[in-house]
Protein chains: 2
Amino acid sequence: MRDPERTRGRILSAGFDYVYRQGFRATSVSEIVAAAGVTEGAFFHYFPSKNDLGYALADEVLREMMLDRWIRPLAAYGNPIKGMTVRYRKLMEATTDEELSLGCPLNNLTQEMSSVDPVFSDKLRGVLLEWIKETERYLKKAQADGYMNPEVDPRRTAEFLVMMEEGSAAIVKSLGGRKTYLSMYEGFRSYLDSISTRREKTGSRP
Amino acid sequence: MRDPERTRGRILSAGFDYVYRQGFRATSVSEIVAAAGVTEGAFFHYFPSKNDLGYALADEVLREMMLDRWIRPLAAYGNPIKGMTVRYRKLMEATTDEELSLGCPLNNLTQEMSSVDPVFSDKLRGVLLEWIKETERYLKKAQADGYMNPEVDPRRTAEFLVMMEEGSAAIVKSLGGRKTYLSMYEGFRSYLDSISTRREKTGSRP
């Protein structure tokens with residue numbers, strides 16, 4: 001008997017790949033089971049319906065991806081604001097051309113499914129709210145340690161930063177191309193500089 | 001015989017309303033002709049197919065709406081950077097709750113149709129590029145008149161500003177609510193302040 005957690009993980013991983021490339025509604029269960037190398041019976045054992053797979057993609061895959069990309073790297077920096085700038089640049093450099101043209105998977109699934117299904121909407125909004133909350137936590141730390149202007153509101157700033165992180169992927173997807181991504185990076189860095197204290201600027205050279 | 005331009009305009013206007021509220025693919029020609037009070041024959045006289053109506057929505061309705069909202073108001077300001085801040089606040093105040101929950105019509109149609117139909121993709125990208133180009137033109141004016149930091153690149157900054165204008169609508173749509181919009185306004189203003197010269201800041205009180 002196969003390891004059940006591994007089977008479930010393979011279904012999730014294949015599901016993510018298809019949904020990211022062609023959208024949730026255009027993806028069929030038979031495509032996913034073929035790519036995962038499992039039976040339909042195994043699929044429906046773990047996910048009673050295709051929608052349940054979609055909810056698990058939000059709750060597990062997209063949530064983990066958001067934390068891995070945007071939040072967990074910040075723990076390595078004494079100054080979280082500087083960490084946000086460096087992390088953005090590293091993410092930009094690691095993004096493949098295919099990912100540039102596909103855009104952000106959270107944004108895409110939200111646009112496709114939020115108005116169709118309220119459960120999707122709640123789960124995807126949950127990932128976005130956690131992204132904001134974790135960003136706010138690091139901004140408060142930056143403020144407490146004297147790296148961020150004490151007059152700046154951490155919650156509002158966190159909402160604005162997450163908007164820029166999501167919005168960048170969307171405009172790069174629409175316009176296509178790395179040059180636009182570089183414009184986004186420079187704007188992002190310039191904004192972070194503007195909320196930093198003079199104690200330590202994030203640096204104008206990467 | 002009816003005024004042909006008026007008939008065409010009524011079809012476009014009804015088409016915009018339906019497509020904005022329920023998406024392009026979910027909208028039928030029969031819904032549009034019923035709302036516009038015209039015959040199907042009249043519809044197909046002006047638009048050989050539903051896609052042709054969609055292209056006209058991009059080329060005409062969305063383009064005009066973008067210019068009316070984001071560009072034309074700037075002509076009234078000696079300092080375009082200050083104009084951008086005031087215009088953003090006025091747009092925020094004029095946005096209805098329904099519009100908040102529906103998001104930006106250009107962004108929605110781009111997400112829905114760009115990967116489906118390359119003609120849509122080109123036309124919607126054209127509106128976005130014109131938005132950026134017109135924003136760049138005003139930034140160059142601001143720079144020439146000494147309102148913008150001479151080291152800031154107008155093209156890259158225009159791309160970043162349009163990303164924020166589009167991205168704000170998307171996150172407000174996802175999170176729902178005016179408080180988020182206010183966070184976006186404050187971030188937007190703070191960024192514009194950071195690229196202004198000391199000659200005239202955009203003002204921290206609206």
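For segment A:75-98, check the following and say yes or no: at least one residue is within 23 Å of B:Ser174 (Cα to Cα) and exposed (fewer than 14 other Cβ atoms within 10 Å of the Cβ).
no
Looking only at segment B:28-48, how many residues end up being closer than 23 Å to B:Ser114 by Cβ and over 25 Å from the mean Cα position of the chain (by Cα)?
Selection size over segment B:28-48: 1.
So, A:Gly23, is that one at positive phi and within 14 Å of chain B (Cβ to nearest Cβ) or not?
Yes, satisfied.
If you take the residues in segment A:54-112 that are in a helix (DSSP H, G or I), within 14 Å of another protein chain (Cβ to nearest Cβ) and of a type in the set (Gly, Ala, Ser), which one is nearest to A:Ser13 (Cα to Cα)?
A:Ala58
I'm trying to understand the selection: among the residues of segment B:136-157, which are assigned to a helix (DSSP H, G or I) and within 12 Å of chain A (Cβ to nearest Cβ)?
If the condition is that a residue be assigned to a helix (DSSP H, G or I) and within 12 Å of chain A (Cβ to nearest Cβ), then B:Glu136, B:Pro154, B:Arg155, B:Arg156, B:Thr157 are the ones that fit.
Just give me the residues in segment B:163-194 being facing chain A (nearest Cβ under 9 Å) and of a type in the set (A, V, I, L, M, F, W, C), in sequence order.
Within segment B:163-194, B:Met163, B:Met164, B:Ala170, B:Ile171, B:Val172, B:Leu175, B:Leu182, B:Met184, B:Phe188 qualify.
Among the listed residues A:Phe160, A:Phe120, identify the single one that is touching a helix residue (DSSP H, G or I) at 6+ places or on another chain (Cβ under 7 Å), surrounded by 18 or more Cβ atoms within 10 Å (Cβ to Cβ) and either without any contact (Cβ under 8 Å) to a residue 24 or more places away in the chain or within 11 Å of another protein chain (Cβ to nearest Cβ) (or both).
Of the residues listed, the single one that is touching a helix residue (DSSP H, G or I) at 6+ places or on another chain (Cβ under 7 Å), surrounded by 18 or more Cβ atoms within 10 Å (Cβ to Cβ) and either without any contact (Cβ under 8 Å) to a residue 24 or more places away in the chain or within 11 Å of another protein chain (Cβ to nearest Cβ) (or both) is A:Phe160.
Listed residues B:Arg155, B:Arg137; which is out of contact with any Ser or Thr (no Cβ under 9 Å at 6 or more places or on another chain) and without any contact (Cβ under 8 Å) to a residue 24 or more places away in the chain?
Going through B:Arg155, B:Arg137 in turn, the sole match is B:Arg137.
Rule-based calculations on the coordinates, nothing more; no lab input. If you're wondering where the values come from, they're calculated on a predicted model, not measured in any experiment. Cβ: placed from backbone, ideal geometry, glycine included. Neighbour counts: every protein chain shown.
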